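Here the structure comes first, spelled out in structure tokens, and everything after it is commentary.
The values are calculated or read from the model by the stated rules, or taken from the named source; none is laboratory data. None of the values given here were measured: they were computed from a predicted structure. Cβ: placed from backbone, ideal geometry, glycine included. Neighbour counts: every protein chain shown. The protein model used for the area step is the full one, side chains on, heavy atoms only, and it has no ligands, DNA or RNA in it. Shrake-Rupley method; radii C 1.70, N 1.55, O 1.52, S 1.80 Å.
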Amino acid sequence: MLEINILRTDKQRVIEGLTKRNFTPERLKLVDQIVEMDDRRKFVQTNLDQLLARVNANSKEIGSLFKAGDKSQAEVLRQEVTNLKGQIKELENEQNRLIDDIETALIELPNIPHSSVRQGKSADDNEVYKDWSGPMPEFEGFDPLPHWDLAEKYNIIDLKLGVKLTGSGFPVFRGKGAKLERALINFFLDEAEKAGYEEIMPPLMVNEETARATGQLPDKEGQMYHIERDKFYLIPTAEVPVTNILRGEILSAADLPVQLTGYTPCFRREAGSYGSDVKGLNRVHQFDKVEIVQIAHPDQSYKVLSRMLEHVEQLLIKLELPYRILRLCGGDMGFTSALTFDFEVFSAAQRKWLEVSSVSNFETFQSNRLKLRFREEDGKPQLVHTLNGSALALARIVAAILENNQDSEGVKIPRVLQQFTGFERI
RNA sequence: GGAGAGGUGCUCGAGUGGUUGAAGAGGCACGCCUGGAAAGCGUGUAUACCGCAAGGUAUCGAGGGUUCGAAUCCCUCUCUCUCCGCCA
């Protein structure tokens, strides 16, 4: 959620930012409407506080009058308070209504894009920030198979079995497939640890408050699996529980940046897709992911962002996968993000780029709802910047490894993974 | 699932209607003391909102109620803990 103050102090930037996100002039009016409601809210509170102050003063006075035995004077003051109550109730109601309305409206506003973000309608308008310049996988004497065929051929991932156990989009990894998955998780976690991240194993279900604080609720309610009976949500990403660890805290500046990482399965309902995009591991309801999260000083957050980009990039280099980096345009960027870079790997048989990581700076958009702040030496608390990124999303990485490293006999395991898998080929 | 206890500030912990935003202790910070340290002494130690400011308002799990006045009384909800049962 945006800080309401910037609608006043930085209105021009807000308008430009929302325009990058393709807000129509009609919708832009929301900004002024919110400020107006907030003006009214301030006015109401000033009045309300004055009335409450009088009630408090009278009550105190009544106390001492009673002790002094002056009942008649006490009665006069008591009467006055009784008369004020109607007004107080009215103002309180209006204040509560305004607070609700302001929040409801404010939640409609997405984060203001960073100045480097271009306007654009969709993923087609994303800018290729860094293209792949190395060699592409080549195959001599045979046509590379898509990963779903390889999965079946070597009996390492069973999608049909997943359907039997649960439903479509719940792959079953087995044998060397399962071990490859586990190897990747260990590799990613070890790399994160080396980069200074503390490993977290969080709950896989969260309560409503937690889902709200990182912005999954109310915007993306439909994306999450919901346990009706206990009012829990299955996490769509480790970002949710991990970022919430520090919810409500006031850190000292010396604690920053906080670096956290976590492996979790991720559960996504992802309704409404179809076609070849969803085939195999391209889009599933449950997948594994290692997430990195940083809580940073506002002055440092873009430096932190580039370090996170480097981290992810190194993973892909070590895995020997062709990759490219996109800077998302205003139309494709997530609601909560100020700047997002996507990493895509090339999957040789499908001949397309698959998104395997998304690294974002949310600035104060998340911390505002998280109430996550820090304090300089003898300064006032101010909101931190939060950042996160996938490092990396497993399913599609597996797809790319299988497709790119195949030969007619099997699949070669990238060298860095071999110590984790214990085998060199599938 | 059954029975009970309880949620107060950074922590512990008092507090059953009236200068209690909240005793006391601990922790932390600063100062004094010291050759230095410990001990000791002193001072300070929440957050949000409104206000140019002075200052004001709110907050003792959450919400509602009683009252001139509530951390203190009443109702609802919620969470935690203990015991029993079940269980990896």
If we scan the stretch A:44-55, do we find a residue that is open to solvent by 90 Å² or more (accessible area, probe 1.4 Å), within 16 Å of RNA strand B (Cβ to nearest atom) and in a helix (DSSP H, G or I)?
yes
Which is in contact with a strand residue (DSSP E or B) (Cβ under 8 Å, 6 or more places away or on another chain), farther than 20 Å from residue A:402 by Cα and of a type in the set (Gly, Ala, Ser), of A:360, A:347?
A:360
Looking only at the stretch A:18-42, count every residue that is out of contact with any helix residue (DSSP H, G or I) (no Cβ under 9 Å at 6 or more places or on another chain) and in contact (Cβ under 8 Å) with a residue 40 or more places away in the chain and tell me the total.
3
For the stretch A:256-335, list the strands (runs of 3 or more DSSP E) that sit wholly inside it and hold at least 3 residues that are among the hydroxyl-bearing types (Ser, Thr, Tyr); which are they?
A:258-267
Take the conditions part of a helix (DSSP H, G or I), hydroxyl-bearing (Ser, Thr, Tyr) and near RNA strand B (Cβ under 8 Å from one of its atoms) and apply them to residue A:59. Does it pass?
yes
Looking for something closer than 30 Å to residue A:330 by Cβ, acidic (Asp, Glu) and more than 12 Å from RNA strand B (Cβ to nearest atom) - is there at least one such residue anywhere in the stretch A:85-97?
no
Of A:55, A:81, A:44, A:76, the only residue that is of a type outside the set (Asp, Glu), outside the structural domain of residue A:369 (by TED's automatic domain parsing), in contact with an Asp or Glu (Cβ under 6 Å, 6 or more places away or on another chain) and over 30 Å from residue A:120 (Cα atoms) is A:44
Does residue A:106 count as surrounded by 13 or more Cβ atoms within 10 Å (Cβ to Cβ), within 15 Å of RNA strand B (Cβ to nearest atom) and under 13 Å from residue A:38 (Cβ atoms)?
yes
From the options A:398, A:411, residue that is in the same structural domain as residue A:267 (by TED's automatic domain parsing) and under 30 Å from residue A:245 (Cβ atoms):
A:398
Give the residue that is surrounded by the fewest Cβ atoms within 10 Å (Cβ to Cβ), with candidates limited to residues of the stretch A:383-426 that are assigned to a strand (DSSP E or B) and of a type in the set (A, V, I, L, M).
A:383
Show me the helices (runs of 4 or more DSSP H) entirely contained within the stretch A:69-168 in which 3 or more residues are under 30 Å from residue A:367 (Cβ atoms), within 34 Å of the chain's Cα centre (by Cα) and without any contact (Cβ under 8 Å) to a residue 24 or more places away in the chain.
A:71-106
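Conditions tested, residue by residue: (1) of a type outside the set (D, E, K, R); (2) open to solvent by 30 Å² or more (accessible area, probe 1.4 Å).
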site: A:24; (1), (2): yes, yes
site: A:33; (1), (2): yes, yes
site: A:84; (1), (2): yes, no
site: A:89; (1), (2): no, yes
site: A:92; (1), (2): no, yes
Residue A:130 - would you say it is open to solvent by 70 Å² or more (accessible area, probe 1.4 Å), more than 9 Å from RNA strand B (Cβ to nearest atom) and not assigned by TED's automatic domain parsing to the domain that holds residue A:369?
no
So, in the stretch A:220-232, of the ones that are under 20 Å from residue A:388 (Cα atoms) and not in a helix (DSSP H, G or I), which residue ends up nearest to RNA strand B (Cβ to nearest atom)?
A:224
Criterion violated by residue A:65 - all others in (1) exposed (fewer than 15 other Cβ atoms within 10 Å of the Cβ); (2) farther than 30 Å from residue A:330 by Cα satisfied
(1)
Selection count, the stretch A:200-219, where residues are farther than 17 Å from residue A:386 by Cα and either in contact (Cβ under 8 Å) with a residue 40 or more places away in the chain or open to solvent by less than 20 Å² (accessible area, probe 1.4 Å) (or both)
7
State whether the residues of the stretch A:157-171 include one that is among the acidic types (Asp, Glu) and surrounded by fewer than 17 Cβ atoms within 10 Å (Cβ to Cβ).
no
